[in-house]
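A.B. asks: Dropping a structure here in structure tokens format, bear with me for questions.
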Amino acid sequence: MEMIGQKIKELRVLKGLTQEDLADKTNLSIRTIQRIENGDVDPRTYTLNLLAEALDVDIELFTSEKIQGNTKTIYSIGSKRWLILLHLSGLFNFILPPVLIWIWKKEELKGYEKHYKDIMNFQLSVLLYILFSLMLVAVIIGIILLPLIGILSSVVVIMNTIKISNGQQYKYPLVIQFIKQ
């Protein structure tokens, strides 16, 4: 019981909400929010649904063992889908898809600029490596490098997309910082 209240409080604070804000969003009293967060009451399923909706998370998050640890990050349901798509857009190695996603959804993805910059830096780096390999095709090395770059970049994008979907930290290797963090 106390753990659920603690998770709700952590999520509320992460979202930058006060207890009053959360009470307004859920139509619950401030006292009810306080009692849940303090572990004084065990919230019913209906109340948990209201809280999950107000905090933009899946209700299962309240019953899971850990919200945030050293390697876990909380993403809202809507943000998580778009972050997954944003990272997955790296498979196509075209600069346009992540730019369009970011322009279209940057308000919904507030605070996730780092993801966008990491993806763009990775895609620009891969593009540079491909161009360099194309120049080396004349000396045969480029013929070997091109498929290796394609396979490596695809594996990295897929692994990072899976990490994002699991709330884990991601890393793009061999990246040149074209866009500063």
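A.B. asks: What's the total number of residues in region 159-180 that are of a type in the set (A, V, I, L, M) and over 14 Å from the mean Cα position of the chain (by Cα)?
C.D. replies: Looking only at that region, the number is 4.
A.B. asks: Which members of region 1-55 meet the condition of being at positive phi and within 27 Å of the chain's Cα centre (by Cα)?
C.D. replies: Hit for region 1-55 is Gly16, nothing else.
A.B. asks: Restrict the check to region 147-160 and report whether at least one residue is surrounded by 13 or more Cβ atoms within 10 Å (Cβ to Cβ) and within 30 Å of Gly16 (Cβ to Cβ).
C.D. replies: yes
A.B. asks: Another question, if that's okay. Out of Arg81, Arg12, which single residue is in a helix (DSSP H, G or I), touching a Leu at 6+ places or on another chain (Cβ under 7 Å), modelled with pLDDT under 90 and charged (D, E, K, R)?
C.D. replies: Just one listed residue meets the conditions, Arg12.
A.B. asks: In region 162-178, what residues are assigned to a loop (DSSP other than H, G, I, E, B) and modelled with pLDDT under 90?
C.D. replies: Hits for region 162-178 are Asn166, Gly167, Gln169, Tyr170.
A.B. asks: List every residue pair whose Cβ atoms lie under 6 Å apart, where the two residues are 6 or more positions apart in sequence or sit on different chains, the first residue falls within region 1-27 and is without any contact (Cβ under 8 Å) to a residue 40 or more places away in the chain and buried (at least 18 other Cβ atoms within 10 Å of the Cβ), and the second residue, located anywhere, is basic (Lys, Arg) and outside any loop (DSSP other than H, G, I, E, B).
C.D. replies: Leu22/Arg12
A.B. asks: Just the residues that are among the basic types (Lys, Arg) and either at positive phi or surrounded by 12 or more Cβ atoms within 10 Å (Cβ to Cβ) (or both), please, taken from region 104-146.
C.D. replies: The answer is Lys105, Lys106, Lys117.
A.B. asks: Quickly run through region 1-45 and pick out the residues that are farther than 14 Å from Asp56 by Cα and among the aliphatic types (A, V, I, L, M).
C.D. replies: The answer is Met1, Met3, Ile4, Ala23, Leu28, Ile30, Ile33, Ile36, Val41.
A.B. asks: Evaluate the following for Ile143: is it hydrophobic (A, V, I, L, M, F, W, C), more than 17 Å from Phe94 (Cα to Cα) and assigned to a helix (DSSP H, G or I)?
C.D. replies: It is true that Ile143 is hydrophobic (A, V, I, L, M, F, W, C), more than 17 Å from Phe94 (Cα to Cα) and assigned to a helix (DSSP H, G or I).
A.B. asks: Continuing with the same structure: In the set Ile141, Ile149, which member is β-branched (Val, Ile, Thr) and closer than 26 Å to Lys114 by Cβ?
C.D. replies: Result of the check over Ile141, Ile149: Ile149.
A.B. asks: Does Ile101 qualify as being β-branched (Val, Ile, Thr) and surrounded by 14 or more Cβ atoms within 10 Å (Cβ to Cβ)?
C.D. replies: yes
Results for (1) farther than 23 Å from Arg81 by Cα; (2) acidic (Asp, Glu), shown as yes or no for each residue.
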site: Glu113; (1), (2): no, yes
site: Met120; (1), (2): no, no
site: Ile141; (1), (2): yes, no
site: Leu145; (1), (2): yes, no
site: Ser154; (1), (2): no, no
site: Phe178; (1), (2): yes, no
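The values are calculated or read from the model by the stated rules, or taken from the named source; none is laboratory data. Being a predicted model, the structure only gives us computed values, none of them experimental. Cβ atoms come from the backbone with ideal geometry, glycine included; neighbour counts cover every protein chain shown.
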